[in-house]
Amino acid sequence: MSVSQATGTTGSDDALVLARRNAFILAAASAFLSACAPIAISLGGIVGDYLLDEDKSLATAPVTGFNIGVAVGALPAAWLMRLVGRRYGFMGGAVISGIGGLVAAAALFQSHFWLFAVGLAIIGVGGAFVQQFRFAATDNAPESFKAQAISWVLVGGIFAAIIGPQTVIFARDLFAPVQFAGAYAAVIGLALIGLVILSFLRIHENTILLEHESEAPARPLLEIISQPRFLTALACGVVSFALMSFMMTGAPLAMIGCGFSTDTATLGIQWHVLAMFGPSFFTGKLIARFGRETIVATGLVILIGCAIIASMGIELWNFWLALILLGVGWNFGFIGATAMVTTTYRPSEKNKVQGVHDVILFSTVAFSSLMAGQVLNTFGWDGINMIMWPIALACLLLLGLQVRADRKNRAAVH
């Protein structure tokens, strides 16, 4: 007799209970492990500027190192989890994040710019595992709960938005006179907490199939990623994330260049990260009500509005409001695009598709973070703002074409 028969519950009920439990655990772990990202990003460019001599054009290279780490780590993370399972794979990722924090802190003691960049890259590799949390939350989950599961996990980012910047403020002078080393040493503690939380994760690696589902054989990767819907979802996710990283990386340096303090710039990133994850309380429900494509389109429009606000002036409110809109736009665009991606593959295809998706995504994000320093150094803050809106608009048009094609396909079927 099955567990569901013994308890009088259906397979769907069992899957929903398990999905909710795992989403909660992943959200709790994300609260601490995702806090490593705002530490790396909010200080990465500032520390890079501090460690360099006269030529500051590579100041954001450590942030690029972090994003390269996420991109490079995506496929190994997917491979490792396929080999040992989600739980042990994620725990391994937490250990990697802690090692990265140790290397970054050691680099600051030695005033070594490139070793610091390597440390952030290692933190980024650990971050590649954290990025898989959103996909893991959909494992074993009923179709009706998948978008909400992604949102639940990203709610953990709200706490990360507080934990990360506050860790910077309170721990950066822990090893004075070595500036900022304490903040990166604190990454080790965050990783250990995340490791303990992840030990409670229970994902059945042989995916639970609901009563109406059947396991189909995996298709060739090229066939999956060449689907127009997958390409559109990938483009929307990449643009949402890359534009967010592009402006977020340049903003702290621009704020300091305009005379604001490091603490003010760090708090600006805190408000931004809160705006990134705060809407997650209701984004899943909005997707369920209005559809994935509508929410993605809304996110892209908000990103355009962000660029407009940022270009209006260099007062504190311009920076902070633009960063808040940047976060909300990312939330709608990225969660909606991720939900779109999950409709394009079968359970047997998830690891390879998710890995390739994140390699493309974070390679582009790494490039955008590197270009932020170059553009800011050459064209100033206005140059960053001017690049934002045409790219978001082009992606919005692509999404519109996909929606039109989907409607024609549905009409042809009926």
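The values are calculated or read from the model by the stated rules, or taken from the named source; none is laboratory data. All values derive from a computational prediction rather than experimental measurement. All Cβ positions, glycine included, derive from the backbone under ideal geometry; neighbour counts span all protein chains shown.
Out of curiosity, is residue 412 in contact with a helix residue (DSSP H, G or I) (Cβ under 8 Å, 6 or more places away or on another chain), surrounded by fewer than 18 Cβ atoms within 10 Å (Cβ to Cβ) and part of a helix (DSSP H, G or I)?
no
Working only within segment 21-45, note down all residues that are farther than 15 Å from residue 116 by Cα and of a type outside the set (A, V, I, L, M).
The answer is 21, 22, 24, 30, 32, 34, 38.
When residue 23 is evaluated against the numbered criteria (1) more than 23 Å from residue 159 (Cβ to Cβ); (2) modelled with pLDDT of 80 or more; (3) crowded, with 24+ Cβ neighbours inside 10 Å, which criterion, by number, is the only one it fails?
(1)
Of all the residues that make up segment 190-214, how many are at pLDDT below 65 and exposed (fewer than 13 other Cβ atoms within 10 Å of the Cβ)?
5
Just one of 123, 99, 169 is at pLDDT 95 or above and surrounded by fewer than 24 Cβ atoms within 10 Å (Cβ to Cβ); which is it? First the steps, then the outcome.
Details: 123 fails: surrounded by fewer than 24 Cβ atoms within 10 Å (Cβ to Cβ); 169 fails: at pLDDT 95 or above.
On inspection, the qualifying residue turns out to be 99.
Out of curiosity, is residue 73 within 19 Å of the chain's Cα centre (by Cα) and touching a residue at least 12 places away in the same chain (Cβ under 8 Å)? Spell out the reasoning first.
Details: within 19 Å of the chain's Cα centre (by Cα): yes; touching a residue at least 12 places away in the same chain (Cβ under 8 Å): yes.
Yes.
Does residue 99 satisfy the criteria of being part of a helix (DSSP H, G or I) and free of Cβ contacts under 8 Å to residues at least 40 places away in the same chain?
On the way: part of a helix (DSSP H, G or I): yes; free of Cβ contacts under 8 Å to residues at least 40 places away in the same chain: yes.
Yes, satisfied.
Tell me which residues, restricted to segment 357-384, are of a type in the set (D, E, K, R) and buried (at least 23 other Cβ atoms within 10 Å of the Cβ).
358
Which pairs have Cβ atoms under 7 Å, sit 6 or more apart or on different chains, and link a residue in segment 192-213 that is under 16 Å from residue 132 (Cα atoms) to one that is modelled with pLDDT of 50 or more and among the aromatic types (Phe, Trp, Tyr)?
If the second residue must be modelled with pLDDT of 50 or more and among the aromatic types (Phe, Trp, Tyr), the pairs left are 194/32; 198/90; 201/90.
Among the residues of segment 245-276, write down those that are farther than 23 Å from residue 391 by Cα and aromatic (Phe, Trp, Tyr).
Selection gives 260, 271.
With the structure loaded, tell me whether residue 406 is modelled with pLDDT of 90 or more, more than 14 Å from the chain's Cα centre (by Cα), acidic (Asp, Glu) and surrounded by fewer than 18 Cβ atoms within 10 Å (Cβ to Cβ) or whether it fails that test.
It is false that residue 406 is modelled with pLDDT of 90 or more, more than 14 Å from the chain's Cα centre (by Cα), acidic (Asp, Glu) and surrounded by fewer than 18 Cβ atoms within 10 Å (Cβ to Cβ).
Give me a count of the residues in segment 134-170 that are more than 14 Å from residue 42 (Cα to Cα), assigned to a helix (DSSP H, G or I) and aliphatic (A, V, I, L, M).
8
Pick from 370, 326, 321: which is more than 22 Å from residue 274 (Cβ to Cβ) and either at pLDDT below 90 or out of contact with any Pro (no Cβ under 6 Å at 6 or more places or on another chain) (or both)?
Within the list 370, 326, 321, the selection yields 370.
Please go through segment 48-91 and give me each residue that is of a type outside the set (A, V, I, L, M), surrounded by fewer than 18 Cβ atoms within 10 Å (Cβ to Cβ) and outside any helix (DSSP H, G or I), ordered by number.
53, 54, 55, 56, 57, 85
Among the listed residues 231, 325, 316, identify the single one that is out of contact with any helix residue (DSSP H, G or I) (no Cβ under 6 Å at 6 or more places or on another chain) and more than 22 Å from residue 363 (Cβ to Cβ).
316
What's the number of the only condition in (1) free of Cβ contacts under 8 Å to residues at least 40 places away in the same chain; (2) within 14 Å of residue 249 (Cα to Cα) that residue 413 fails to meet?
(2) is the only condition that residue 413 fails.
In segment 256-293, what count of residues is obtained for those that are more than 30 Å from residue 341 (Cα to Cα) and either within 15 Å of the chain's Cα centre (by Cα) or not in a helix (DSSP H, G or I) (or both)? Step through it out loud before you land on a result.
Of segment 256-293, the ones more than 30 Å from residue 341 (Cα to Cα) are 256-268.
Those left that are additionally either within 15 Å of the chain's Cα centre (by Cα) or not in a helix (DSSP H, G or I) (or both): 258-261.
Matching residues across segment 256-293 total 4.
Pick out the one residue from 221, 231 that is in contact with a Lys or Arg (Cβ under 6 Å, 6 or more places away or on another chain), hydrophobic (A, V, I, L, M, F, W, C) and under 28 Å from residue 359 (Cβ atoms). Even if it seems obvious, please write down each step before you answer.
Values: 231 fails: in contact with a Lys or Arg (Cβ under 6 Å, 6 or more places away or on another chain).
Answer to the selection: 221.
Just wondering, is there one or more residues in segment 302-311 that are among the hydroxyl-bearing types (Ser, Thr, Tyr), surrounded by fewer than 18 Cβ atoms within 10 Å (Cβ to Cβ) and assigned to a helix (DSSP H, G or I)?
There is at least one residue in segment 302-311 that is among the hydroxyl-bearing types (Ser, Thr, Tyr), surrounded by fewer than 18 Cβ atoms within 10 Å (Cβ to Cβ) and assigned to a helix (DSSP H, G or I).
Residue 227 - would you say it is at pLDDT below 95 and either aliphatic (A, V, I, L, M) or within 13 Å of residue 323 (Cα to Cα) (or both)?
Judged against the criteria, residue 227 is not a match.
Pull out all pairs, ordered by first then second residue, where Cβ-Cβ is under 9 Å, the residues are six or more apart or on different chains, the first lies in segment 275-300 and is more than 16 Å from residue 330 (Cβ to Cβ) and surrounded by fewer than 21 Cβ atoms within 10 Å (Cβ to Cβ), and the second is small (Gly, Ala, Ser) and at pLDDT below 90.
Going by the 9 Å Cβ cut-off, the qualifying pairs are 285/147; 285/151; 288/144; 288/147.
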